[in-house]
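This report refers to the structure that appears directly beneath it.
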Amino acid sequence: MDDAASEELTEALAHALGTLQDGLTGSFLKSVGSGRSDPGDPAGAWQIIDCQLTGRVPHPLKQADRHSALWRDLTHALNRQGELRGGILLDDGLALFVPGGSERPARLIVLRDSTLFDAAGEVTGGLTLYPSEQRLLKQLVCGFNLAAAATLDGVSHETKRSQFKSLARKLGGGSQAEIAGRALSRVFLEIASFSGTGVSQDDYFDDLLREFAPGARTLRLRSRAGRSHRFVEIGPIGGRPVVMLHPMVLPDFRNGDLGALDTLALRLIVPLRHGAMSQETVALGVSAHLDHACEGIDLARRHFCGEQADIMACISGTAYGLEYARRHPDRVASLAFVGATVKPTTSRTTAGRLRSGLFTLSMNQWHVYSRLMDFYVRRIRRPETLKQLLLSVYRPNLADVAIIGAEYGAPFGGERLRKFFTSSVQSIKHDFYHQALPDWSGFPAPGCRTIFLHGAQDFIHSATDVRALAQSLGGVPVVTLPSAGQLLYHDHFEAVIGLYRGFLEHRLE
């Protein structure tokens with residue numbers, strides 16, 4: 001789990017329980033970022049499941065969770081206990097429920113019995129909890145009062161009162177809430193102390209790609225100035241290397257896309273820009289961000305391509321391809337613009353006004369614009385909020401709406417897009433800025449083969465404007481995809497990559 005999500009979760013737990021001891025917030029935050037427990041391993045100490053609620057019934061956001069054995073166990077257990085309360089009782093553990101907030105989805109934290117009871121043993125000073133007391137402790141943690149616990153187990157209320165008195169003596173608490181809080185506090189403290197130093201912020205993109213693009217490879221290279229750069233690599237190792245400059249967020253590469261790259265023998269090297277898929281919080285100015293991006297492109301060229309690189313700039317990657325070609329025209333063999341940002345359309349629709357306002361702010365009031373983007377990122381931590389925003393922006397185009405629909409379908413249910421967006425704010429700020437006023441001066445350089453591959457239905461940067469620009473640049477070829485809008489992946493990626501391969505082989509001029 002990422003550090004931001006860890007902090008949200010910790011705050012929510014502290015609010016819900018009201019009994020966490022001082023100092024636990026930082027310890028638990030470090031632990032959840034440390035990767036002590038593999039989220040895909042049900043035998044781990046803890047597991048997080050992001051959910052949405054329908055009538056007080058949680059439903060996992062990710063398809064992988066919905067079809068897991070653990071979720072089947074949780075569903076059966078919830079049916080058995082009748083209502084969610086503060087959690088779900090499992091035969092060998094429990095799932096603590098954390099309500100969603102304005103900036104986060106609802107969550108279930110699954111803890112194994114061994115994790116809870118080992119921690120409780122630390123609180124009791126080694127006194128043994130009998131099975132009946134262990135059962136009651138789990139019920140208290142899950143929000144049952146004594147009467148509800150007695151009804152669930154088919155015993156008398158007096159039996160549960162007797163068990164509670166014994167449990168209270170051993171754990172040292174007075175109220176039912178205090179006993180549950182003391183046990184959980186120790187659980188989180190134990191996890192934190194076990195977890196060590198945690199995951200480096202710079203490693204977060206590894207976690208994202210393992211979760212959402214297991215067919216991709218990650219690597220790091222260091223520049224001569226000592227700066228570390230991160231790269232994503234997809235396609236066959238022996239394929240022709242191409243430096244791909246990503247849009248605001250990395251596209252969703254699926255098995256069919258990887259198969260197309262294998263068939264066409266193309267190897268995409270993607271230098272990640274500063275702040276993309278990262279927990280890095282250091283903001284860069286416009287010129288420093290461009291410097292960093294161009295340095296990353298040059299590292300990719302030098303290590304994978306040789307003296308010259310074939311560059312494929314996708315949507316907001318346009319600005320960085322142009323800047324690199326201006327700085328190093330002799331190092332660019334070809335430059336293809338996929339969904340180029342040319343002259344953004346700002347209509348009188350709600351989405352048009354939003355874009356227009358952001359474009360204007362980015363050019364004239366960077367500080368205000370930056371704060372506004374931070375505000376939007378906090379809002380879109382909730383999956384449905386991001387979905388509504390995207391549908392609002394892309395509603396004029398059914399082709400793009402279909403791509404968003406695919407993002408919110410199987411297998412990720414919108415989680416990929418949400419996590420990629422919220423972890424890329426420092427990069428997205430600059431991407432949006434460069435879309436507002438794209439700089440095509442000094443391009444194309446002599447000897448640099450160029451092409452535009454563009455969605456015919458792109459309503460933000462229209463194909464008409466692309467053709468006009470291409471003509472002004474000396475008649476650069478333009479190839480349009482009739483059924484595509486601005487978002488050129490999912491249904492359109494194989495067609496795009498096929499056209500691009502034809503361009504590289506001089507079959508498309």
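The values are calculated or read from the model by the stated rules, or taken from the named source; none is laboratory data. Everything numeric here is computed off the predicted structure, so don't read it as measured data. Cβ sites come from the backbone with ideal geometry, for glycine too, and all protein chains shown count toward neighbours.
Once the range 329-378 is narrowed to residues that are at pLDDT below 70 and of a type in the set (Lys, Arg), the residue that is surrounded by the most Cβ atoms within 10 Å (Cβ to Cβ) is 355. Considering the conditions (1) surrounded by 20 or more Cβ atoms within 10 Å (Cβ to Cβ); (2) over 30 Å from residue 375 (Cβ atoms), residue 107 is excluded by exactly one of them, (2). When residue 127 is tested against (1) among the hydrophobic types (A, V, I, L, M, F, W, C); (2) at pLDDT below 90; (3) under 16 Å from residue 187 (Cα atoms), only condition (3) is not met. Taken over the range 390-411, residues that are under 15 Å from residue 483 (Cβ atoms) and among the charged types (D, E, K, R) amount to 1.
Would you check if there is a residue in the range 450-460 being β-branched (Val, Ile, Thr) and in a helix (DSSP H, G or I)? Show your work before the answer.
Step one: of the range 450-460, the residues β-branched (Val, Ile, Thr) are 450-451, 460.
Checking which are in a helix (DSSP H, G or I) leaves us with none.
No: zero hits.
The residues listed here are 427, 423, 462; of these, the one that is polar (S, T, N, Q), at pLDDT 85 or above, in the same structural domain as residue 403 (by TED's automatic domain parsing) and over 30 Å from residue 204 (Cβ atoms) is 462. Applying the criterion of being free of Cβ contacts under 8 Å to residues at least 40 places away in the same chain and of a type outside the set (Phe, Trp, Tyr) to the residues of the range 363-377, the residue that is farthest from residue 425 (Cα to Cα) is 364.
Which of the residues belonging to the range 65-87 are at pLDDT below 85 and buried (at least 18 other Cβ atoms within 10 Å of the Cβ)? The answer is 65, and nothing else.
Checking residue 276 against (1) in contact (Cβ under 8 Å) with a residue 12 or more places away in the chain; (2) surrounded by fewer than 21 Cβ atoms within 10 Å (Cβ to Cβ): exactly one of these is not met. Which one? Condition not satisfied by residue 276: (2). The residues of the range 133-159 that are touching a residue at least 24 places away in the same chain (Cβ under 8 Å) and either β-branched (Val, Ile, Thr) or not in a helix (DSSP H, G or I) (or both), listed by number, are 141, 142, 143, 144, 145. When residue 409 is tested against the conditions (1) buried (at least 18 other Cβ atoms within 10 Å of the Cβ); (2) free of Cβ contacts under 8 Å to residues at least 40 places away in the same chain, the lone failure is (1).
Kindly indicate the residue of the range 120-130 that is in contact (Cβ under 8 Å) with a residue 24 or more places away in the chain and not in a helix (DSSP H, G or I) and also surrounded by the most Cβ atoms within 10 Å (Cβ to Cβ) among those meeting that condition. Looking at the filtered set, the residue picked out is 129. Among the residues of the range 430-459, the ones that are modelled with pLDDT under 85 and of a type in the set (Lys, Arg) come to 0 in all. The residues listed here are 426, 435; of these, the one that is touching a His at 6+ places or on another chain (Cβ under 9 Å), touching a residue at least 24 places away in the same chain (Cβ under 8 Å), in a helix (DSSP H, G or I) and under 19 Å from residue 313 (Cβ atoms) is 435.
Among the residues of the range 217-246, those that are assigned to a loop (DSSP other than H, G, I, E, B), at pLDDT 90 or above and surrounded by fewer than 22 Cβ atoms within 10 Å (Cβ to Cβ) comprise 236, 239. Looking only at the range 88-119, which residues are within 14 Å of residue 135 (Cβ to Cβ) and either at pLDDT 85 or above or part of a strand (DSSP E or B) (or both)? Correct list: 89, 90, 91, 92, 93, 94, 113.
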